[in-house]
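First the structure, in the form of structure tokens, and then the observations on it.
The values are calculated or read from the model by the stated rules, or taken from the named source; none is laboratory data. Remember, predicted model here, so these are calculated numbers, not experimental data. Here the Cβ is made from the backbone with ideal geometry for all residues, glycine too, and neighbour counts use every protein chain on show.
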Amino acid sequence: MTDEVTTVSAEKSSRFSAVFYPAFPVVVLGLLFGYLGSVMGAANMFNTMFSTAHGLLMNTVLYIMGICVLAGAIGRLLLEFGTVAVMERVLRPLMRPLYRLPGKASLAAVMTFFSDNPAIISLANDARFAKSFKAYQLVSLANFGTAFGMGLIVVTFMSAQSIGGESAMTPALIGLFGAIVGSVVSTRLMQHMIYKDLGERDHIEPDSDADDQASEIPVSGDTIGLRFLNSCLDGGKSGVDLGIAIIPGVLIIATVVMMLTFGPGETGYTGAAFQGVAVLPKLGSVFSGVFSALFGFQSPELIAFPITSLGAVGAAMTLVPPFITQGIIGGNEIAVFTAMGMCWSGYLSTHTAMLDTLGYRNLISKALLSHTIGGLAAGIAAHYTYLLFSLFS
């Protein structure tokens, strides 16, 4: 009898899946395009969608790719000549008191800062690196490393912006400090949440054959000039790969977010780029008091940046130039954007894969929750640090 019930249940589940999954994208796209088309008109909706994607690709994505190429070259250059190893040793004393992590965890921060979140996976899967960590510490590396992901690119991009004719470098550096605060909150909270599950057990049993110096950077036998040139070119190529990798997220996510953020043009809907139905500002206005108190946001449109950062910080950065053009952001917003963009850095799209690769899929929900709180803490810290800085400047 039990087997018959199980068989019937499995057949119903199979029939449901056969109907639900094919229908799901049709329903979602139908609702999205139906709503946008009913407000903007079908022709205007498609023209705006394509024009926005083209504008993002030509004016913002290629700009970000240029930053990725230069940042990649700098990062590989510092790696080749051992500067990263020196930075790691300098940062090691901070790891245990701030993050409750072994000293060599600093390498994870440095590597993700110069590249992106997935750099954590290659490190954590290296037995020589992972053997120094308790299981709960290694899992928390997903939060720790993500908080620094694409850090150099985010800080460089934000610093290059001009607010009222003045450089945004100082607000961007304040945002970097906020991201560090967020990383501490996220990492320690994650460790607290999973400690009961994992305790003090080692992730990898001690192995006498493993090399403790996993963080040491091998030095090639080429001449200094050749090493300099090759490291710059190789790093630049990795920057191109990263720049290409962010294109789908930017064009898909940012286009949809912009169409949900911005309103019609001065003469109504014309099919021009960067027009939309302004849904997110309406939602943001409901919580405007909260966003103002936490982050200092004065315009409801600004909620689009942290929301987009959840999935792709590259896409979120494309929102900054239009915000500057509209005159709705200043130094405070740059600081908060830098902090939240860097700390979150698209963790919704990477955390699952990272923890699955590390073998701790069952802890994904706790990692996402703790990192969400960490990103909020980063934005709050950046806002109030900027206010404090403004008082004494």
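Listed by first and then second residue, the pairs linking a residue in segment 76-104 that is of a type in the set (A, V, I, L, M, F, W, C) to a residue that is at pLDDT 80 or above and not in a helix (DSSP H, G or I), with Cβ atoms under 8 Å apart and 6 or more places separating them unless they lie on different chains, are Met95/Leu101; Met95/Pro102; Leu101/Phe133.
For segment 259-272, indicate whether the set of residues that are modelled with pLDDT of 85 or more, within 26 Å of the chain's Cα centre (by Cα) and either part of a helix (DSSP H, G or I) or over 21 Å from Asn117 (Cβ atoms) (or both) is non-empty. For segment 259-272, residues modelled with pLDDT of 85 or more, within 26 Å of the chain's Cα centre (by Cα) and either part of a helix (DSSP H, G or I) or over 21 Å from Asn117 (Cβ atoms) (or both): present. On inspection, Gly311 fails the criterion of being surrounded by fewer than 22 Cβ atoms within 10 Å (Cβ to Cβ) and at pLDDT 90 or above. Cβ-Cβ contacts under 8 Å between residues 6 or more apart (or on different chains), taken from a first residue in segment 181-202 that is at positive phi and surrounded by fewer than 20 Cβ atoms within 10 Å (Cβ to Cβ) to a second residue that is at pLDDT below 95 and part of a helix (DSSP H, G or I), are listed as Gly199/Ala135; Gly199/Tyr136.
Candidates in segment 274-308 are the residues that are of a type in the set (A, V, I, L, M), part of a helix (DSSP H, G or I) and without any contact (Cβ under 8 Å) to a residue 40 or more places away in the chain; of these, the one that is surrounded by the most Cβ atoms within 10 Å (Cβ to Cβ) is Leu302. The sole residue among Ile324, Ile373 that is surrounded by fewer than 16 Cβ atoms within 10 Å (Cβ to Cβ), in contact with a Ser or Thr (Cβ under 8 Å, 6 or more places away or on another chain) and in a helix (DSSP H, G or I) is Ile373. Count of segment 345-393 residues, restricted to those that are without any contact (Cβ under 8 Å) to a residue 40 or more places away in the chain and among the aromatic types (Phe, Trp, Tyr), is 2. Within segment 93-103, being of a type outside the set (A, V, I, L, M), under 20 Å from Phe114 (Cβ atoms) and surrounded by fewer than 17 Cβ atoms within 10 Å (Cβ to Cβ) holds for one residue alone: Gly103. Among the conditions (1) farther than 18 Å from Thr170 by Cβ; (2) part of a loop (DSSP other than H, G, I, E, B), Ile329 misses just one, which is (1). Under the condition of being touching a helix residue (DSSP H, G or I) at 6+ places or on another chain (Cβ under 9 Å) and either more than 24 Å from Ala53 (Cβ to Cβ) or hydrophobic (A, V, I, L, M, F, W, C) (or both), the residues counted in segment 283-292 number 6. With respect to the conditions (1) in contact with a helix residue (DSSP H, G or I) (Cβ under 6 Å, 6 or more places away or on another chain); (2) of a type outside the set (Val, Ile, Thr); (3) modelled with pLDDT of 90 or more, Gly346 falls short on a single one, namely (3). Can you tell me which residues in segment 148-182 are over 13 Å from Ile334 (Cβ atoms), at pLDDT 95 or above and β-branched (Val, Ile, Thr)? If the condition is that a residue be over 13 Å from Ile334 (Cβ atoms), at pLDDT 95 or above and β-branched (Val, Ile, Thr), then Ile180, Val181 are the ones that fit.
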